[in-house]
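*Asks:* Pasting a structure below so you can have a look.
The values are calculated or read from the model by the stated rules, or taken from the named source; none is laboratory data. Only a predicted model underlies this, so the values are computations on that prediction, with no experimental measurement involved. Every residue, glycine among them, receives a Cβ derived from its backbone with ideal geometry; neighbour counts consider all protein chains shown.
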Amino acid sequence: MKSPLLLGIETHFASVNDPRQYGKVDHPLINIIFITLCGVLCGADDWVAITDFAQAQAEWLAKYLDLKNGLPSHDTLGRTFAFIDREEFQQGFLSWMSSVSQLIAGVVAIDGKQLRRSHDKGIGKEAIHMVSAWSVANGLVLGQRKVDEKSNEITAIPLLLEALDLTGCIVTIDAMGCQREIAQQIVEQEGDYVLSLKGNQGQLHKDVVAMFDYFEGIAFKEIDHDYHKTVNKGHGRLEIRECWVFEPAPWSDYFRTLDNWAGLQSVVMIRSQRQEGEKITSETRYFIASLAAQAAKILQTARHHWGIENELHWVLDVAFNEDQSRVRQGYAAENLAVIRHLVLNLLSQEQSHKVGKKNKRLRCAWDVEYREKVLSGFAALC
């Protein structure tokens, strides 16, 4: 009888077809996926390391897998992942995450990250760029999408959003995603948005900057707006954040560039100032939002978005060495990125061991009981 863990993996990745030639397969696809998943969970970051893990843990793996043909080589792992259809593998991840979609609420941050060493100059292949969706409240990766070569995040973001249940969520995206079509899609999927506004929006950005310059020039006198300020001290730093928000409707005659933005209710300016010793730095950001003009809520939402760098991208680079990965054959880099996200979610779900993700991976490597506890999160979410 198969374990609930293995049944869970088979259930969610049932749509993944084995790309290998029938009749010449020594190692079932479920074995290759499970071994790779467990290897990455236990600190292995490439095919050779994953194979070393499997050889060292063969007796444990035999509790879950039929290993009558032994263990797959690192070449077999690499070739198989290179040919697994990336859309099917992504769908397997999304199927798993849909089992916890009822828990997803609050801010969903969308941001891109380049797998810097996934390029191959020999064949002119550029480094892979992935766009991910991050649930701030749950600390989970909700999904990811590769940006096609000769394209950009604008084409990948709608496809990623389409796969998510955004009902009741607030979607935050940097300036690349500040597009009318993307705002429309978020509203149609019953979510709200806070979109960063920079020079890529041309005249709209200029209009917003000019309007806030005018408002500040008259100290916002007789301007219907909302304002919120936070002050944080600690670790030798003083951080001050101020947020001003106004509704665009009364200014529509002056703001033709804000026409046809679905659900738009707020135009936002956030100014951040940091002081460390005698060094003072300041930055001003602009946003448009479908949220009501409530400065405190919008400021908090914007701060949540900035956390994706520390809570997702930084963790993938430091705890998973993603930036150093040279996996690049076929779809292998994209599919291995999905495995990393899956493992990151499993580690985030396990709360009994209060250490960082890197140390959790090490604990999984030498503590079988803890490893099985983390993996049980997969079965529990199925």
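*Asks:* Out of the residues in the stretch 206-221 that are of a type outside the set (A, V, I, L, M, F, W, C) and in a helix (DSSP H, G or I), which is farthest from P158 (Cα to Cα)?
*Replies:* Ranking the candidates gives G217 first.
*Asks:* Something else: Right, V245: surrounded by 12 or more Cβ atoms within 10 Å (Cβ to Cβ), at pLDDT 90 or above, assigned by TED's automatic domain parsing to the domain that holds A183 and assigned to a helix (DSSP H, G or I) or not?
*Replies:* Criteria not met by V245.
*Asks:* How many residues does the stretch 199-220 contain that are touching a helix residue (DSSP H, G or I) at 6+ places or on another chain (Cβ under 9 Å), surrounded by fewer than 17 Cβ atoms within 10 Å (Cβ to Cβ) and either charged (D, E, K, R) or closer than 26 Å to T281 by Cβ (or both)?
*Replies:* So the count comes out to 3.
*Asks:* Would you mind stating whether R303 is basic (K, R) and over 26 Å from the mean Cα position of the chain (by Cα)?
*Replies:* Against the criterion (basic (K, R) and over 26 Å from the mean Cα position of the chain (by Cα)), R303 does not qualify.
*Asks:* If you check A292 against the conditions, is it small (G, A, S) and in a helix (DSSP H, G or I)?
*Replies:* No; evaluated as a whole, the condition is false for this residue.
*Asks:* On the given criteria, is V318 of a type in the set (A, V, I, L, M, F, W, C) and surrounded by fewer than 20 Cβ atoms within 10 Å (Cβ to Cβ)?
*Replies:* Yes, satisfied.
*Asks:* Related question: What residue, among those in the stretch 183-205 that are in contact (Cβ under 8 Å) with a residue 60 or more places away in the chain and in a loop (DSSP other than H, G, I, E, B), is farthest from K297 (Cα to Cα)?
*Replies:* K198
*Asks:* For the stretch 45-102, which positions are free of Cβ contacts under 8 Å to residues at least 40 places away in the same chain, surrounded by fewer than 22 Cβ atoms within 10 Å (Cβ to Cβ) and of a type in the set (A, V, I, L, M, F, W, C)?
*Replies:* V48, A49, A56, A58, L61, A62, L67
*Asks:* When V231 is evaluated against the numbered criteria (1) of a type outside the set (D, E); (2) in contact with a strand residue (DSSP E or B) (Cβ under 7 Å, 6 or more places away or on another chain); (3) under 23 Å from A175 (Cα atoms), which criterion, by number, is the only one it fails?
*Replies:* Looking at each condition in turn, V231 falls short on (3).
*Asks:* May I ask you to list the residues in the stretch 268-302 that are among the β-branched types (V, I, T) and out of contact with any helix residue (DSSP H, G or I) (no Cβ under 7 Å at 6 or more places or on another chain)?
*Replies:* I280, T281, T284, I288, I298, T301, listed by residue number.
*Asks:* Is it the case that V231 is among the hydrophobic types (A, V, I, L, M, F, W, C) and either crowded, with 19+ Cβ neighbours inside 10 Å or part of a helix (DSSP H, G or I) (or both)?
*Replies:* No: the conditions fail for V231.
*Asks:* Under the condition of being part of a loop (DSSP other than H, G, I, E, B) and either at pLDDT below 90 or acidic (D, E) (or both), which residue from the stretch 60-105 is nearest to V16 (Cα to Cα)?
*Replies:* Residue satisfying both the conditions and the ranking: D85.
Here is a yes/no grid of residues against (1) of a type in the set (A, V, I, L, M, F, W, C); (2) touching a helix residue (DSSP H, G or I) at 6+ places or on another chain (Cβ under 9 Å); (3) modelled with pLDDT of 85 or more:
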site	(1), (2), (3)
D165	no, yes, yes
I170	yes, yes, yes
Q179	no, yes, yes
E188	no, no, yes
D192	no, yes, yes
L195	yes, yes, yes
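*Asks:* Looking only at the stretch 27-59, filter to residues that are part of a loop (DSSP other than H, G, I, E, B) and within 19 Å of E10 (Cβ to Cβ); which one of those is farthest from the chain's Cα centre (by Cα)?
*Replies:* Checking each candidate, the answer is H27.
Yes or no, residue by residue, for (1) touching a residue at least 40 places away in the same chain (Cβ under 8 Å); (2) under 23 Å from R180 (Cα atoms); (3) assigned by TED's automatic domain parsing to the domain that holds Q57:
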position	(1), (2), (3)
F255	yes, yes, no
L264	yes, yes, no
R271	no, no, no
E278	no, no, no
R326	yes, no, no
N359	no, no, yes
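*Asks:* Would you tally the residues in the stretch 142-173 being over 22 Å from L336 (Cβ atoms), outside any helix (DSSP H, G or I) and of a type in the set (V, I, T)?
*Replies:* So the answer is 5.
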